[in-house]
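Each reported figure results from applying straightforward, stated rules to the coordinates on display, with no laboratory input. Keep in mind it's a predicted model, so treat the numbers as computed, not measured. Virtual Cβ from ideal backbone geometry, glycine too; neighbours counted across all protein chains shown.
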Amino acid sequence: MLDTAIIGGGLCGLVLARSLYRQGRTVALFEGRERLGGRILSVASAGSGLAMDLGPTWFWPDTQPLLKSLIAELGLVDIPQHDDGSMLHLNDPEKMPERIEGKNIHEGAHRLHGGMGRLIDALAAELPPGFAHLGHVLTRVSDRADHIVLTFAAEDDIVDVEARRVVLAVPPRLLTEQVRFEPELDDATREAMRDAETWMAAQAKVIIGYDRPFWREAGQSGNAFVTHEQAVIGEIFDACDADPAKAALGGFLALSPELRESFSAGLPMLMDNQMAQVFGSALEQGEQYYQDWATEPLTCSLLDRNPSRAGHAGAANPMLRRTQWDGKLYLGGSETAPRSAGYLEGALEAAHRIERALNRVRPPIEADASDSLQIGQRRGFDQCREPRPVQGMGRRSGRCGI
Ligand SMILES: Cc1cc2nc3c(=O)[nH]c(=O)nc-3n(C[C@H](O)[C@H](O)[C@H](O)COP(=O)(O)OP(=O)(O)OC[C@H]3O[C@@H](n4cnc5c(N)ncnc54)[C@H](O)[C@@H]3O)c2cc1C
């Protein structure tokens, strides 16, 4: 049996998995997608090779100590967000954009050279092969007194896994909609989970590569806001590499998930037109990379598609940090953090909190003989990929007794 099962291979789950693995615990990570990273997603431009962040881009080293020290520990290089030059504001599609001077709107934000995906690659590189089980979508969590049984939908099969402790490093709202708890969690916890908006889940983001940073050459920062009624991209920023020869602008779509869906065929052209309208014709026909997070069922819950709150919560409801089922079940993910909830920093806060709690319950040095696996003899979960049929059940099912 696993000592700890972590569900969700985003930043929170991965950081926790790495720490517990280093402690020698029998731990495994299960991720619903066929890739790690969750909301962190960087793709390489086919043209320039520039890493384009389609999920998170920024962190703030002055106020986010956990992320700052993780980046340093992993030996990654960060670069300040380019903010120099004038900002543009287009409020009337019939007019030229207004030029605004002296606005440093990103408040000391930094980016990762090579994209935020470098963080995920560096963390994953420290885990042994077979440690992370991709394509395992959690559907049920069952309390069995001294352990928990997890049920996953995986490659047309249903797979059961037993663990003494379980960490759900998954946005809480998704859990309320997609995972059955047996027994059901209490009403107050379920309400807090439903209230925890999955930060940025309903957003769509585009990064557009260009031959040169034309805007910088014109004394502009690349920052722009488009606020008229037909706005397609509402907020634009410079997304160049440290070497600005790899030039790009990034933007957040101004359209709702429903409008994005209905305009999907024409969106590339609409986004191009918008960039040219704001910055000039040199920006026609860039190389577009687009991600609509609202269409990702492992990020955006049905509730998230209609965000109720305009601002950012900052601190999550403490109910989300209560341990469930006599200390066996932990809710994680950035949306449970007491500060920076929803941000990358919040994902690290949550991972550290749960690590501390697990170590209180069972200090790492006491990896005891009752574990079927000793330190250094970890088995991959891959042997469970072919589940054994369970007699008398109407579906293919398997139980993985690690
Ligand atoms: C467009 C966008 C821009 C952003 N910009 C920034 C930014 O600039 N700075 C910043 O700090 N933050 C930003 N964020 C937020 C940041 O991405 C998140 O705070 C962070 O990535 C959360 O990490 P996490 O591990 O808590 O959750 P996630 O990354 O959401 O990871 C959860 C994981 O659980 C998996 N999962 C879900 N359901 C199941 C299931 N049933 N079974 C198995 N696995 C499941 C998912 O596939 C995912 O891998 C942005 C987010 C988006 C979408």
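The stretch between residue 282 and residue 218, if pulled fully straight at 0.36 nm per residue, gains 21.9 nm over its current Cα-Cα span. Helix content alone sets the calculated 222 nm mean residue ellipticity of the chain: runs of n ≥ 4 DSSP H residues at -39500 (n - 2.57) each, divided across all residues, give -6500 deg cm²/dmol. Summarising the label geometry, the points placed 7 Å from Cα in the beta-carbon direction at residue 77 and residue 242 lie 0.3 nm from one another. Here the Gaussian network model covers the chain, with springs between Cα atoms less than 10 Å apart; of 94, 177, 229, 94 fluctuates the most. Let a ≥ b ≥ c be the square roots of the eigenvalues of the Cα gyration tensor of the stretch 14-155; is it rounded (a/c under 1.5), or, if not, prolate (a/b larger than b/c) or oblate? It comes out prolate by the Cα gyration axes. Each of 256, 42 was scored by other Cβ atoms within 10 Å of its Cβ. Listed from fewest to most, they are 256, 42. Positive contributions from Lys and Arg (+1) and negative ones from Asp and Glu (-1), summed over other residues with Cβ under 12 Å from the Cβ of residue 328, come out at -1.
Full extension of the chain between residue 121 and residue 184 gives 19.1 nm of extra length, using 0.36 nm per residue less the Cα-Cα distance.
Computed over the chain with a Gaussian network model linking Cα atoms closer than 10 Å, the most mobile of 279, 152, 59 is 279. Counting charges near residue 173 (Lys, Arg +1; Asp, Glu -1) among other residues having Cβ under 12 Å from its Cβ returns a value of -3. Centroid-to-centroid, using Cα positions, the stretch 67-86 and the stretch 254-301 are 27 Å apart. With both residues required to sit in the stretch 119-181, DSSP beta bridges show an antiparallel share near 90%. Only bridges with both residues in the chain count here: give the DSSP antiparallel percent, nearest 5. Percent antiparallel among DSSP bridges in the chain is about 65.
With both residues required to sit in the stretch 1-146, DSSP beta bridges show an antiparallel share near 60%. In summary, the lysines within cross-link reach of residue 68, defined as a Cα separation below 26 angstrom excluding same-chain residues under 8 places away, comprise 103, 205, 246.
Rounded to the nearest 20, the size of the Cβ-charge dipole of the stretch 234-345 about its Cα centre is 680 debye, with Lys and Arg at +1 and Asp and Glu at -1. About the centre of its Cα atoms, the chain shows a dipole size close to 1320 debye [charges on the beta carbon of Lys, Arg (+1) and Asp, Glu (-1) only; nearest 20 debye]. In a simple Cβ point-charge model (Lys, Arg +1; Asp, Glu -1; nothing else charged), the stretch 6-152 has a dipole of about 620 debye relative to its Cα centre. Among 138, 66, 168, the largest mean-square fluctuation in a Gaussian network model of the chain, built with springs joining Cα atoms closer than 10 Å, belongs to 66.
In this label model, residue 302 and residue 147 are separated by 3.4 nm, measuring between points 7 Å along each Cα→Cβ vector.
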